[in-house]
Amino acid sequence: MIAADVVVKHVCKNLRNESFPTETVAKNLRPFLQGERQPLGRLDLSGVNISDRTLAELLAAQQSTLTSLDLSHTTGLNSAGVCSILTDLKVGALKLSSLKVTNCDLLRIPRFRLRGMRAGDSHAMHMANALPVVSQDDLNLGNDLAQEIARGNELVYDGPKLNSAIEANPGLIGQIPHFIQFCPNIQHLYLLQGLSYNIEDENADEFLFRIFESLRSLRTLDLSEWHFPNHLQVLENVPNLTTLILYDVQNLESSIPVISGLKNLRRLDLSQSERMTGQYSQPVTCLHTLVTELPNLECLDISGTNLTAAASDDDRPYRGMGLVASDIAGLSFLRRPLKYLGIFNCDNAPHFQNIPAVKICGDHGEHQIILALETYMSRSRMMQAVLNESYQLYRFGSGLDRHVEALHLVLQALSSHRTNSSLQIAGSALMFYIIRNVKMNRDTKRAVIYALLNGMVSAGHCFVGPLYINYSSFKPILRLLPMFQSPGSQHWAVWALANLTSTDLAKYCRYVEEEGGEELLRVLAIDDRPSPKIRELAGIVLTNMESWRRNTAEGQTFENDLEMVDA
């Protein structure tokens, strides 16, 4: 990794965690406009609010070194602004080989439109999104105006003479290259979340055809969550693909002939987050077609589908036993075992004995679950299901030995999906059962505490089995303390109280006192029925209560302690 990559990664992380205005973002990224002194190889601007000019100037400065650009959930950009500035800066072919986006605005045709405005009888020219309006008196509506429009300066021109200015210079409008034309070297393209596609001047197939037309070297294509009415015919324009990701693309059965025509495919992902969208009328035939028509296939993900179904009289595309031993009928004619197979949330997958794959991502056993946590880290809906399965495994399973890996993967998931309350709930509950079998160093303990606190901020509640916990009140937690018939819930409750009161005496000890928890804890601390560990945790909370009262009486300030209490 280039040294500057490490610095810009830290800068962008800070910019991502706060809602900074574009001016602040531009100021923080200004050092990287010196491409020769601060060359970048990778730039992750995901979740950052950045202006057209800042992005364009960064790309211009780094055009000879930058190979990877991530604009997932980046805001503030439109194609007309970015592309016109790149044109003004005389940027040629960028070196970019990898591009990731979740919004179509940057990739649309950089056109300028006239639209009616209700204020008076004026018209406004705008560039794909709302921009500041400049009054007629501020403008010189001659050829200079047409030049400004053609360059795509971030202005909206207001006035009745716009039409004549545009008509006088029609050749200047619409000549700006679209963004992908600046990036002909892209080999890996990730068009995620269907790009929230809402372009009125192109349908999805036309949009993708235009994009693919400029990318002769494309090898990896991710079209997660797109909707295609025409059976993915557009894929015929990218015959050299080696990786195709169609996660949560629905109704894929009619597209099997097109997919099976991509003879260079090595990695194919047809996984679904919801079982009902992954149903094929002839699952064995579809899977058999893929594995026999794609001679180079090495990795296949069919999680959340019924492609693992058994053959039937109406769905038996072959005779004989096949080429490999396989409990999955559609894989029987593989030429060689797969390097990777995803079968998470597939019918009967836990009962399969013969699976022709080296690595299996599924929901049967610790090894499959760990791989699922790694594989679906960026997919919140899939991660929700994986965390739920992991909870069952680490709460009730035996003979497990990968708790440390599981803990760090759960921490990563909670950090990656901080605003997803359902995922925070599932991850927090899972962590409780994992950490009881992990000897954590100080850094890991602090990471767990931070994750729990962040989860409370974003989710505000949690579940223990069927029980709903609201962190703005401790009453739901306190109700678990007398539940001697359910030691698991009782243990979780007193552990949570011990950690919360240890972390912030002033805030959480007050909750315990005001809601009558202290007396329940005193009973728990001396009762013989709970385990010694539960009584020890109750004693920690009571000690924290005494320290809080003493410090309050003496007028002392409180320093938060992020040292974690073991479960």
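The values are calculated or read from the model by the stated rules, or taken from the named source; none is laboratory data. Keep in mind that this is a model prediction, so the values were computed, not measured. Note: ideal-geometry Cβ built from the backbone for every residue, glycine included; neighbour counts use all protein chains shown.
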The lone condition Asn251 fails out of (1) of a type outside the set (Gly, Ala, Ser); (2) within 21 Å of Asn203 (Cα to Cα); (3) surrounded by 17 or more Cβ atoms within 10 Å (Cβ to Cβ) is (3)
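Out of Gln392, Gln412, Gln424, Gln353, which single residue is crowded, with 19+ Cβ neighbours inside 10 Å and free of Cβ contacts under 8 Å to residues at least 40 places away in the same chain? Walk me through how you get there before you give the answer.
On the way: Gln392 fails: crowded, with 19+ Cβ neighbours inside 10 Å; Gln412 fails: crowded, with 19+ Cβ neighbours inside 10 Å; Gln353 fails: crowded, with 19+ Cβ neighbours inside 10 Å.
Within the list Gln392, Gln412, Gln424, Gln353, the selection yields Gln424.
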Which condition does Arg529 not pass, out of (1) modelled with pLDDT of 90 or more; (2) outside any loop (DSSP other than H, G, I, E, B), if it passes all the others?
-> (2)
Tally of residues being over 16 Å from Arg529 (Cα atoms) and not in a helix (DSSP H, G or I) across segment 476-491 | 1
Single condition Ser19 does not satisfy, out of (1) small (Gly, Ala, Ser); (2) part of a loop (DSSP other than H, G, I, E, B); (3) more than 24 Å from Thr102 (Cβ to Cβ) = (3)
Pick from Val494, Val457: which is modelled with pLDDT under 70 and either under 30 Å from Ala406 (Cα atoms) or not in a helix (DSSP H, G or I) (or both)?
-> Val457
Being assigned to a loop (DSSP other than H, G, I, E, B) and within 24 Å of Thr375 (Cβ to Cβ), is that true of even one residue in segment 197-210?
-> no
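If you take the residues of segment 285-344 that are part of a strand (DSSP E or B) and within 32 Å of the chain's Cα centre (by Cα), which of them is surrounded by the most Cβ atoms within 10 Å (Cβ to Cβ)?
Taking segment 285-344 first, the residues part of a strand (DSSP E or B) are 299-301, 312, 315, 338-342.
If we keep only those that are within 32 Å of the chain's Cα centre (by Cα) too, we end up with 299-301, 338-342.
Details: Cys299: 19, Leu300: 26, Asp301: 23, Leu338: 20, Lys339: 14, Tyr340: 16, Leu341: 24, Gly342: 28.
Residue satisfying both the conditions and the ranking: Gly342.
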Report the residue count in segment 56-83 for those that are at pLDDT below 95 and of a type in the set (Gly, Ala, Ser).
-> 6
Output the qualifying pairs, or none if there are none: Cβ atoms under 6 angstrom, residues six or more apart or on different chains, first residue in segment 79-96 and closer than 18 Å to Arg108 by Cα, second residue surrounded by fewer than 18 Cβ atoms within 10 Å (Cβ to Cβ) and hydroxyl-bearing (Ser, Thr, Tyr).
-> none
